[in-house]
Structure formats: structure tokens, C-alpha cells
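Before any comments, here is the structure.
Where a number appears in this text, it was derived from the coordinates with a stated rule and is not lab data. This structure is a prediction, so every number in the text was calculated from the model and none was measured. Here Cβ is always computed from backbone atoms with ideal geometry, including for glycine, and neighbour counts include all displayed protein chains.
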Amino acid sequence: MKTLKNLSLALVLSSGFLISTYGFCADEKPIASSLPKIDETLIREATASIQRGVNYLTDKQMDDGSWLHHPAITGLVVMALHNSHSKLNPEIRQAAVEKARLFMLKFVQKDGSIWMANVEKEYPNYTTSICLATLAIINKPEDEQVLRNARKFLIDSQVDQDNKAAPANKDNPAFGGVGYGKAGPAAPDLSNTQWALEALYLTDYLDKEPKAKNPEDSKKADLAWSNAVMFLSRLQHVPESNDQVWVVKDKSDPNYGGFVYKPDESKADEKFEQKGLRSYGSMTYAGLKSMIYAKLKKDDQRVKAAVEWASKNYTLDQNPGMGAEGHYYYLITFAKANAVLGEEFITLPDGKKVQWRVDLIKKLLELQKTNGEWYNDKHGRWMETIPELVTAYSLIAFEAAMGPYLAD
């Protein structure tokens, strides 16, 4: 397929709102002069790097419109491509996105989910979340009912008293979470929950005026956010808001403020003989981002604690607590969380202020491979040796970092 030339970036929804990874909507668009400066040479290098990544992905699109014949991977690539606008020949980008959109729509199921049903080791909630978020970003009017149905499916998949497959009361630590789906609704985790919440965040307008069709749906959507906050709080090492026995009580504990993967599991524990539900980077940023989507304020103790943990563990060289495992998943959650948090500088424990956008841009430039792609050459866990997937992660992270400087 022909590659795109002269890439420019603007993370814009056709409805007029900037997508959430920028951290603001159209009426709150930051004034360029108020932003800290980024060296023009670095911006040019980053723009060229992103162009190479876009070219790599457009060249890899398959005849059926997909990437690797999978709707979730296709969705992630489309997020990256759609949000990377080419002024010279946007018709090539638009054609790639439209072909991929039609591919994803083939997997819409009667219950509203969007996934490869009847295929082993496939997960309805995970794939539905990514496809719903992607279709919301594309924002075709004719897809509105698909968005509504997928949104309802995700809300119904949340663990609560009304969950048909596995109802749970509020004292259940799984309450408010979302799992893979096929693995069982009673086994939610933060990764699936954060993807679901991002999709619900991007489609929240469907249950608000003037789009709202049913007051009961609006109430249920609001309740879903409230329930999600309860689940998120029970995954964070903050004793003031977490009633679980494993939460650390000492604020000087290195785990304080960080997040774990699920109510009874932290992937970081696998590296230690003594288990203790350790906090780690990608889940802490996933939790932070999700709390902001849920409209918790910056002065909320949970948000402040997560920000403090992130500051103490600031790095882009690895996934804190996990090393090379999930490095690129960490980078995309790092970028999105910091973008929606809205702070341009991160203050480290020694008082030094770092410009996270600049650090991220430099790291992605450093990690890009010869043909314009990215992949994890140190650890293959969570499919990070797949260039199409990891290049999508990297471009989305790049665009979150660059957005305010290049948006029209």
C-alpha cells in the first residue's frame, strides 16, 4: 500500500472534541505560548519519526483491511493512523482507516459486543473496548447504534449486583471491575477495566443531553463510573480508601500509592519469592488515567498518591517493577495518563522538574527500529514482539506527547 507523506498531527474527533489523550477538549485547548518550549529540531525529528511509523503500518495493512486479521490489533493501529493527519495526501490515510473500519464492523455480535466469537482464546470485553473506542474516534454517524450497543454490552459486563453471569455485592473486591469476559465476569483486572473505561469515556456523550435516549441508561452509566471507582480504589495501596487486608499502611512503604493488576494478583510479585501485591508502573498509570476519567479531582488523596508513586518511580527505560516486560504498554499508559492529568512537568523526589513530553519523545526516537517500526527486543511478554501492535502503542504515545504542539 502507498505510504503517507508529510505527516502532521492533530488528535481530533469529527464531533469537534479533541480525544482524551490530549487531556482537554476544544474549548479548553491550551494556548501554544503558555506551553513550555520544545526544541524545534526535536519536533522535526519526532514528526519524521512518526511519519516513518505511519508508513510502516500503512504498508502492513492486509487485503481484508486488517492488521494481522484481528479486530483489536486493527483498532489500535487505526487509533494511531486516524489521529495522525496527513495534509499532503489524506485520502490514503482515510482509505486505510475506512477499510479497517469495515473490517471491524464484521465482528459486531447480536449482543452488541465486537469480537471474534467462537474462536478460542478470544476475549469479548477486551476487543469490544478497543473497537468501541476506535469507532468512537472515527465517529461515523451511521455507526451510532453500533456504539450504543457496544457501550451497553460493556456496562452490562461490569461486575455488580445486576451482572447476569456472576452478580456480586459491594463487599466483593471484584465489584465494579471488568474482566476479559470469556474468562469469566467474576475475574476483573485493571488492564481490561482501563480499556473499558476509556471506551465508555469516549462514548459518554451518548448518554448525555442532547444524545440521551433513555433516562435509565443515563443513570446506569453514571452508576457504572461510581462502581468503577470502588474497584479502582481496591487495587491501590492507599489504606484510607482501600478496605482490603493486603494494602500497605505505612506511607513510607515503596508500594504506597501504586496500583496492582487485580484484587488478588500483582504481576510484579512474580519476580519475588515473598509475595505482597507489589505496585508497578503500567498498572499505576492505568489506574491514574481511569480515576481522572471518572472525574476524581487532582486533590483527591487517591490521585495525589498515584502521582507521588509515579514521581518516585519515574523512568522511561523500563516498566517500573516489571523491567522490560510490558515496556511499551507502560509507555502508552504513561503518555495517556500524564496527558489527561494536564501537568507539563513532573517533580521528582529530589525537587528536580522534568518535562515528561520531551523525555518521552526522546525515548521513542531512541527505540524506533530501522524500518520505522517499534517492538520489544528485550522481552516478548504480552505480545510485545509484534511490530504492528507495538508500533501502534508507540505512535499513540507519541501523539499524546506531541499533540498540543502540533494541533491546529
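Okay, here's what the table says:
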quantity: Rg and Dmax of the chain, Cα atoms only, in Å; calculated: 20.1, 58
quantity: Protection proxy ranking of 170-177, 389-396, 242-249, 197-204 - average other beta-carbon atoms within 10 Å, highest first; calculated: 389-396, 197-204, 170-177, 242-249
quantity: Mean Cα-pair separation over length for the chain, i.e. relative contact order, pairs under 8 Å, 6 or more apart, %; calculated: 18
quantity: Debye intensity ratio in log₁₀ form over the Cα atoms of region 128-242, taken at each q of 0.09, 0.18, 0.22, 0.23 Å⁻¹; calculated: -0.23, -0.88, -1.22, -1.30
quantity: Net dipole in debye of region 194-264 [+1 Lys, Arg Cβ; -1 Asp, Glu Cβ; about Cα centre; nearest 20]; calculated: 60
quantity: Alpha-carbon Debye profile of region 33-116, log10 I(q)/I(0) at 0.16, 0.21, 0.22 Å⁻¹; calculated: -0.68, -0.95, -1.00
quantity: Rel. contact order, % - alpha carbon contacts under 8 angstrom, at least six apart, region 271-351; calculated: 40
quantity: Mean separation of Cα contacts under 8 Å (6+ apart) over length of region 59-168, as relative contact order %; calculated: 23
quantity: Under the span-like rule (Cα at least 24 Å along the axis, Kyte-Doolittle mean at least 0.0), DSSP H helices of the chain; calculated: 387-406
quantity: Region 170-176 - phi-based ³J(HN,Hα) in whole Hz, Karplus 6.51/-1.76/1.60, Gly and Pro as x; calculated: 5, 7, 7, x, 7, 4, x
quantity: Per residue, the convex hull volume that the Cα atoms of region 273-408 enclose (Å³); calculated: 135
quantity: Student exercise, the chain dipole from Lys, Arg, Asp, Glu Cβ charges, in Debye to nearest 20; calculated: 320
quantity: About the Cα centre, charge dipole magnitude for region 98-252 (Lys/Arg +1, Asp/Glu -1 at Cβ), debye; calculated: 280
quantity: Counted charge near Lys37, where neighbours are those whose Cβ lies closer than 12 Å (Asp, Glu -1; Lys, Arg +1); calculated: -2
quantity: Hydrodynamic radius (Kirkwood) for region 335-408, which is based on Cα pairs only, to one decimal in Å; calculated: 13.6
quantity: Net charge of neighbours whose Cβ lies under 15 Å from the Cβ of Lys170, counting Lys and Arg as +1 and Asp and Glu as -1; calculated: -3
